[in-house]
1. If you count the DSSP beta bridges with both ends in the range 35-132, what percent of them are antiparallel, to the nearest 5?
2. Say R0 is 22 Å: what FRET efficiency, to the nearest 0.05, do residue 151 and residue 87 get from their beta-carbon distance?
3. For residue 129 paired with residue 158, estimate the spin-label separation in nm (one decimal), with each label point 7 Å from Cα along the Cα-to-Cβ line.
4. Would you please put 62-70, 157-165, 44-52, 32-40 in order of how densely packed they are, using the mean number of other Cβ atoms within 10 angstrom per residue and starting with the highest?
5. In units of 2.2 N^0.38 Å, what is the alpha-carbon radius of gyration of the range 27-187?
6. I want to check the label-to-label distance for residue 48 and residue 69. Put each point 7 Å from Cα in the C-beta direction and report it in nm to one decimal.
7. Taking 8 Å as the Cα distance limit and 6 or more residues as the minimum spacing, I'd like the relative contact order of the chain as a percentage.
8. Taking the Cα centre of each part, how many Å lie between the range 125-190 and the range 42-80?
């Protein structure tokens, strides 16, 4: 009599795929705000923002195309309860810009050269000296031919709304209050 011993072989295979390339380079901005009254800090907060399609397109056109770089960028503040959208533009920002501050022009964004993929104006914060009783709701970063002019919305490729930030609620200001604004732009691999 013959004994048969059953033998089974099971083979399993799997293909291990590497992570491959991740083609995203996230860009973000973080806004910092300080509200000063009679020389004393009464409020401080941070907010993220929306970078507009117009802003992204400008970055690409300057870096990889033939569009001239904007030499000077400016900070603005707005006085209506508006949530910024990526579709906003310099000509149609969506918000009502406030001109209720003592400075004659929009406030220049004075940055330091980028380091570790970060550019910021924290060393020279934008200073708005409020000139009326107002509720403010946010800020933006604009640049271009007419960008120094308060409340300008001249359409054209030479004017760019790069990004906007909502405070997340209204902030009450009175005459002679000071609003300090800083904006930090960061590029990072995802």
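1. Taking every DSSP beta bridge with both residues in the range 35-132, the antiparallel ones total about 100 percent.
2. 0.60
3. Each label point is offset 7 Å from its Cα along the Cβ direction, giving 3.1 nm.
4. 157-165, 44-52, 32-40, 62-70
5. Numbers: Rg = 14.9 Å, N = 161, 2.2 N^0.38 = 15.2 Å.
That ratio works out to 0.98.
6. Output for this residue pair reads 2.8 nm.
7. Working: 404 pairs, mean separation 58.6, N = 190.
Contact order relative to length: 31 percent.
8. Rounded to whole Å, the Cα centres lie 10 Å apart.
Each value in this text was obtained by applying a stated rule to the coordinates, not by laboratory testing. In this text the structure is predicted, and so the values were computed from the model without any measurement. Cβ sites come from the backbone with ideal geometry, for glycine too, and all protein chains shown count toward neighbours.
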